[in-house]
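*Asks:* Let me give you the structure first, and then I'll get to my questions.
The values are calculated or read from the model by the stated rules, or taken from the named source; none is laboratory data. Note that the structure is a prediction, hence the values are computed from the model and not measured. Backbone-built Cβ (ideal geometry, glycine too); neighbour counts: all protein chains shown. Note: areas computed on protein heavy atoms with side chains; ligands, DNA, RNA excluded. Shrake-Rupley method; radii C 1.70, N 1.55, O 1.52, S 1.80 Å.
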Amino acid sequence: MTEVVRLDDPLVVGAGVAGLTVALALPRATVLVPDERGSTWWAQGGIAVAMAEGDDPGLHAADTLEVAGGLAAEEAVGILTEGGPEAVERLMALGAAFDTDEDGVLLWGQEAGHSRRRILHADGDATGAEVMRTLTAAVGSSETVTQMLGWKAIDLVQEGSRVVGAVISDSRGRRQVVLAPGVVLATGGIGRLYSRTTNPEGVTGDGIAMAARLGARLADMEFVQFHPTALAGGKDPLPLLTEALRGEGAILVDAHGRRFMVSQHRDAELAPRDVVARAIWWQLDKGAGAYLDATSIGNFPERFPTVFAHSLSMGLDPRAGPLPVSPAAHYFMGGIDTGPEGRSSIDGLWAVGECASNGVHGANRLASNSLLEGLVFGARTALDVSQSGPVPGSGPYRVPIDALDLPLRPGPALEELRQLMWERVGLVRIGNGLWDARNQLLELDSVLRRSVAGRVAADVARFIIPAALRRSESRGGHYRADYPDPDPLQAERMMVEPAVAEMVSL
Ligand code: SIN
């Protein structure tokens with residue numbers, strides 16, 4: 001018999017920057033903290049925020065819109081950039097320490113797509129770890145947040161049409177049902193669906209899959225962002241070579257040491273992320289090689305300690321010569337469709353951070369806007385949740401079939417899917433390849449559905465592939481070699497209304 005726990009406060013699923021911000025901003029909350037550390041911990045590049053002298057939120061908004069391929073929701077962009085300074089000050093008041101000069105004045109970094117220096121970093125390239133250290137400590141000492149350590153959600157629980165809780169699992173597969181007046185998904189992105197990714201274990205789109213099984217509307221599922229420069233060499237995940245390296249003068253060269261971005265874009269290495277990623281893809285595809293030459297950067301170990309350590313662990317020294325690079329799946333612009341308050345299309349369910357798609361990034365996210373997104377929209381979502389949410393009644397409760405007994409660990413089919421996604425649904429897509437991916441996914445489907453992780457992957461891939469097929473143009477992170485230009489008639493966001501999965505009563 002599965003244990004049922006009844007909470008008086010909302011349940012927050014996920015403990016990255018968005019989840020912990022929601023939990024801290026709610027009057028009371030319970031947060032599920034899984035064993036694996038999510039993407040925020042790994043973020044190197046920092047927090048983009050218009051606080052430097054001469055900068056203002058309007059300029060930050062203009063840069064965000066400029067790279068977004070015409071699809072960003074202007075209201076959400078305004079909320080992000082206007083709300084940025086206050087959100088960062090709140091984080092600093094909790095103890096976050098960002099890099100300063102000897103006089104204690106904040107240092108502002110440069111990254112691609114930003115018209116000025118506006119990126120805060122901590123310990124050079126360990127910004128995410130500092131954000132998480134700060135938020136984890138705040139949650140740890142909070143009297144209003146209860147943490148359930150080592151638990152993650154598998155599925156959502158409904159009473160009538162309203163979400164009233166989740167089925168949760170620990171790492172051994174032990175299940176519980178948690179009933180709560182409102183559930184906030186902050187489960188992160190989908191990078192692990194790809195064989196080349198910068199995202200850590202566990203970032204497989206759980207929240208998106210859970211919401212889709214209940215029929216929650218999804219948005220922008222074709223828009224995956226590939227980071228141009230991961231350190232090639234077979235690690236999984238591939239270590240990130242932060243964009244800040246290029247901001248500080250690193251250049252991209254071919255196997256003969258020749259720069260190749262200068263002829264591709266007026267901003268060369270600091271062109272928008274999708275442009276640089278595709279240029280590297282073509283270089284690799286034609287066998288010309290792609291390397292990041294960061295030898296001009298002084299004090300490398302002090303300024304980029306994370307990159308330095310990763311490089312040394314692979315027998316490479318960034319001070320001595322160029323590093324081999326590959327693009328890698330990095331961030332998902334799509335996800336659960338929400339407004340700026342995080343409300344999904346289903347009562348009782350909110351989503352925030354990378355698993356949500358509120359339109360703030362459009363078709364392509366501006367570098368270092370995602371930590372800010374978690375801080376700003378996390379606080380807004382908490383406000384909305386705290387203003388609603390009747391407690392669950394006495395049932396009957398329904399969950400998707402398999403929620404209570406499916407094994408956690410995936411078999412080899414998941415690796416097959418990851419390779420397929422990279423090859424056919426990666427950063428250069430073509431109609432035939434996408435059809436092929438669709439057919440191969442159908443063949444893998446029943447095997448994938450024998451585990452929780454495989455079922456999540458199948459449930460997310462089955463929306464990404466048709467969305468990529470349907471958008472017969474190139475825009476932002478979505479590039480179709482058979483339709484290489486943007487089509488003004490397709491300049492709008494695409495929504496998907498998933499069919500509801502088969503449900504069982506508890
Ligand atoms: C980076 O450090 O290049 C990543 C920053 C980001 O993805 O926003």
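*Asks:* Summing +1 for each Lys or Arg and -1 for each Asp or Glu, what net charge is found among the other residues whose Cβ lies under 15 Å from the Cβ of Gly257?
*Replies:* Net of charged neighbours comes to -1.
*Asks:* Asp35 to Asp8: FRET efficiency via 1/(1 + (r/R0)^6), r the Cβ-Cβ distance, R0 25 Å, to the nearest 0.05?
*Replies:* 0.45
*Asks:* Give the angle, between 0 and 90 degrees and rounded to the nearest 10, that separates the Cα long axis of helix 452-470 from the longest principal axis of the Cα atoms of the chain.
*Replies:* Long axis of 452-470 versus the principal axis of the chain: about 60 degrees.
*Asks:* Using the crude model of +1 on Lys and Arg Cβ and -1 on Asp and Glu Cβ, and no other charge, please compute the dipole size for segment 163-317 relative to its Cα centre, in debye to 20.
*Replies:* The dipole of segment 163-317 has a size of about 440 debye.
*Asks:* Right, here's the next one. Going 7 Å from the Cα of Ser296 in the Cα-to-Cβ direction, what parts of segment 226-258 have a backbone nitrogen less than 20 Å from that spot?
*Replies:* Residues 228-230, 241-258 qualify, since their backbone N sits under 20 Å from the label point.
*Asks:* At most 14 other Cβ atoms within 10 Å and a DSSP loop assignment: could you name the chymotrypsin sites (Phe, Trp or Tyr not before Pro) in segment 389-443 that fit?
*Replies:* Passing sites in segment 389-443 do not exist.
*Asks:* Something else now. Taking the Cα centre of the chain as origin, work out the dipole magnitude from +1 charges on Lys and Arg Cβ and -1 charges on Asp and Glu Cβ, in debye rounded to 20.
*Replies:* Around 1240 debye, computed over the chain.
*Asks:* Moving on to the next point. For Asp101 and Ala309, what does the FRET efficiency come to when R0 = 30 Å and r is the distance between their Cβ atoms, rounded to the nearest 0.05?
*Replies:* 0.80
*Asks:* Still on this model: First measure r as the distance between the Cβ atoms of Leu149 and Asp405, then evaluate 1/(1 + (r/R0)^6) with R0 = 25 Å and state the FRET efficiency to the nearest 0.05.
*Replies:* In this case the efficiency is close to 0.60.
*Asks:* Can you give the angle from 0 to 90° between the axis of helix 273-285 and the longest principal axis of the chain, with both taken from C-alpha atoms, to the nearest 10?
*Replies:* Helix 273-285 and the main axis of the chain meet at about 70 degrees.
*Asks:* Now, a different point. Report, in whole Å, the centroid distance computed from the Cα atoms of segment 359-393 and segment 149-164.
*Replies:* 19
*Asks:* Under Stokes-Einstein, with the Kirkwood radius over Cα pairs standing in for Rh, what whole-number D in µm²/s applies to the chain at 37 °C and 0.692 mPa s?
*Replies:* Taking Rh from Cα pairs, D becomes 145 µm²/s.
*Asks:* Using the Cα centre of segment 220-335 as origin and beta-carbon charges of +1 (Lys, Arg) and -1 (Asp, Glu), tell me which of Gly257, Ala268, Leu238 is placed farthest towards the positive end of the dipole.
*Replies:* Gly257
*Asks:* Normalising by the residue count of the chain, find the relative contact order in percent from Cα pairs under 8 Å and 6+ residues apart.
*Replies:* Dividing the mean separation by the residue count of the chain yields 23 percent.
*Asks:* Could you compute the net charge surrounding Gly202? Neighbours are other residues with a C-beta less than 15 Å from the C-beta of Gly202; K and R count +1, D and E count -1.
*Replies:* -1
*Asks:* Counting each DSSP H run of 4 or more residues in the chain as -39500 (n - 2.57), what helix-only mean residue ellipticity at 222 nm follows after dividing by all residues, to the nearest 500 deg cm²/dmol?
*Replies:* -10000 deg cm²/dmol
*Asks:* Right, next: Around Val456, with a cut-off of 14 angstrom between Cβ atoms, what is the net charge of the other residues, counting Lys and Arg +1 and Asp and Glu -1?
*Replies:* Within the 14 Å Cβ shell, the charges total +2.
*Asks:* Same structure, new question: Mind checking segment 1-100 for trypsin sites (Lys or Arg not before Pro) that DSSP puts in a loop (not H, G, I, E or B) and that have at most 15 other Cβ atoms within 10 Å?
*Replies:* Sites meeting the loop and neighbour criteria: Arg28.
*Asks:* Here's something else I'd like to know. Just the number, please: carbon plus sulfur as a percent of the accessible area of the chain, 1.4 Å probe, no ligands or DNA/RNA counted.
*Replies:* Carbon with sulfur: 50 percent of the solvent-accessible area.
*Asks:* Moving on. Heavy atoms only, 1.4 Å probe, whole protein assembly: order Leu20, Leu442 by accessible area, highest first.
*Replies:* Leu442, Leu20
*Asks:* Shifting gears a bit: Along its principal axes, what span do the Cα atoms of segment 38-122 show, with the longest given first and each in whole Å?
*Replies:* The Cα atoms of segment 38-122 stretch 40, 33, 22 Å along their principal axes.
*Asks:* Answer with one residue from Ser171, Met503, Trp41: the one whose Cα lies farthest towards the positive end of the charge dipole of the chain, charges on Cβ with Lys, Arg +1 and Asp, Glu -1.
*Replies:* Met503
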